[in-house]
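Worksheet: one structure, shown below.
Just so you know, all these numbers are worked out from the coordinates, no wet-lab data involved. Predicted, not measured: the structure shown is a model, and the values here were computed from it. Here the Cβ is made from the backbone with ideal geometry for all residues, glycine too, and neighbour counts use every protein chain on show.
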Amino acid sequence: MSRLKIHIVALTDAEREQLTGITKNHRYSQRERNRARILLLSEQGQTDIQVAEQVGCSWMTVRNVRLRFCLAGTDAGAGAVTAKQRVKRAEQKNRAPRVFDGEKEAHLVALACSAPPEGAERWTLRLLKDRLIEMQVVDRVGTETIRRTLKKMNSSRG
């Protein structure tokens, strides 16, 4: 059973020229060159399976590249081909700000490397948390955040 293509690739002369240039230029990654080839072959009316066989990828990849090209609008020529820009962590919505900056990390590492409190054999994550709050280095912090920070700093707790 043949399915009708919903997203049909229609390239302008400028887009076709740009995509042809991408396929021949080795400054682009192989993935980007393949995406450009997918768009050029899709415009010629070939099925997704035929394009996939020629490019050497999955038919789903062909479908996804066509879909992204059609949904991206008029400036989609390079947009559907090049990798999406990743959103920096600081710019992501619904993300809590970092608890430890450089100075606070230094306090944490110095504390973890110091002698443990009286009555304790070694620093635990809870002891570190309580001491950081007591010293007013941070208002609040979780033990998992302390663990990750120490792991990142290649520090031990005792």
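Here is how the numbers come out for the structure above:
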| item | result |
| --- | --- |
| Extension gain from Ala96 to Val109, taking 0.36 nm per residue of separation minus the Cα-Cα distance | 2.5 nm |
| Mean Cβ count within 10 Å, highest first, over the residues of peptides 141-147, 94-100 | 141-147, 94-100 |
| HN-Hα J in Hz across segment 59-71 - Karplus 6.51, -1.76, 1.60, θ = phi - 60°, x for Gly and Pro | 5, 5, 4, 4, 4, 5, 5, 4, 4, 5, 5, 5, 7 |
